[in-house]
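Below is one structure; the comments refer to it alone.
The values are calculated or read from the model by the stated rules, or taken from the named source; none is laboratory data. Since this is a predicted model, take the numbers as computed values, not measurements. Reconstructed Cβ throughout: ideal geometry from the backbone, glycine too, with neighbour counts over all protein chains shown. The area values use the complete protein model at the heavy-atom level, side chains included, leaving out ligands, DNA and RNA. Shrake-Rupley method; radii C 1.70, N 1.55, O 1.52, S 1.80 Å.
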Amino acid sequence: MKRLAILGASGHGKVVADCAELCGWESVSFFDDAWPTKQSNGAWPVIGDTSSLLVSLREFDGVLVAIGNNQVRGAKLQALSAQGATLPTLIHPSAVVSRYAVIGAGSVLFAGAVVNVDCQIGSGAIINTGATVDHDCVLGNAVHVSPGVNLAGGVCVGDRSWVGIGSSVRQLVRIGCDVMVGAGSAVVSDISDACVVTGVPARVR
């Protein structure tokens, strides 16, 4: 039996768990630091906290981090990797991913996502429902591309950056690390590290 542990019993975690079952994982269990107060996450049990996950890693064939905060997700993934956890890549059956794309460990691609040829996506990334990542894009570690986002060809997104729901990014634009792009924005020029941009066209706020 293929057993998957998910760290983070949230709404996002439910989507990860549902995707995992569709990908053939036969047993899915959650760990969350709200345990033992939190005993379930939808249809799935919460059976421990972070500490108990770390001491039971050998009981699972894979571990995913389902925490929306990019910084926290990235840190948890690093800690799990250092402890020898297996970090699978999860790709929804309805996602379309080029065989020439590279998807990093611990990343998840949800229903309707498209990742085209020669894209490189780092570890712990979220390519959310209906998002499109066109040819030759490079996404760093712990990036979140929200539902309905469209990245044109050759876009670069730095580590831990978040592209908000329904946003669009023009071809060849470079987005730095730790950036937040507001919902519905149109990014048409490069963005430096650690800032928030919103609007059409997107500007630093």
Are there any pairs with C-beta distances below 6 angstrom linking a residue in region 102-123 that is aromatic (Phe, Trp, Tyr) to a residue that is open to solvent by 50 Å² or more (accessible area, probe 1.4 Å), with the two at least 6 apart or on different chains, and if so which?
110/129
Given (1) touching a helix residue (DSSP H, G or I) at 6+ places or on another chain (Cβ under 6 Å); (2) open to solvent by less than 50 Å² (accessible area, probe 1.4 Å); (3) at positive phi, residue 130 misses just (1)
Within region 109-124, does at least one residue satisfy the condition of being part of a strand (DSSP E or B) and either aromatic (Phe, Trp, Tyr) or over 21 Å from residue 176 (Cα atoms) (or both)?
yes
Considering only residues that are among the hydrophobic types (A, V, I, L, M, F, W, C) and free of Cβ contacts under 8 Å to residues at least 40 places away in the same chain, look in region 74-91 and name the one that is surrounded by the most Cβ atoms within 10 Å (Cβ to Cβ).
85
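Restricting attention to region 57-70, does a residue exist that is over 20 Å from residue 15 (Cα atoms) and in contact with a helix residue (DSSP H, G or I) (Cβ under 9 Å, 6 or more places away or on another chain)?
There is at least one residue in region 57-70 that is over 20 Å from residue 15 (Cα atoms) and in contact with a helix residue (DSSP H, G or I) (Cβ under 9 Å, 6 or more places away or on another chain).
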When residue 94 is run through (1) surrounded by fewer than 18 Cβ atoms within 10 Å (Cβ to Cβ); (2) in the same structural domain as residue 14 (by the TED database); (3) more than 13 Å from the chain's Cα centre (by Cα), the failure sits at (2)
Looking at region 24-73, which of its residues are over 24 Å from residue 144 (Cα atoms), among the polar types (S, T, N, Q) and open to solvent by 20 Å² or more (accessible area, probe 1.4 Å)?
27, 37, 39, 40, 51, 52
Among what's in region 154-180 and is among the basic types (Lys, Arg) and over 22 Å from residue 75 (Cβ atoms), pick the residue that is least open to solvent (accessible area, probe 1.4 Å).
170
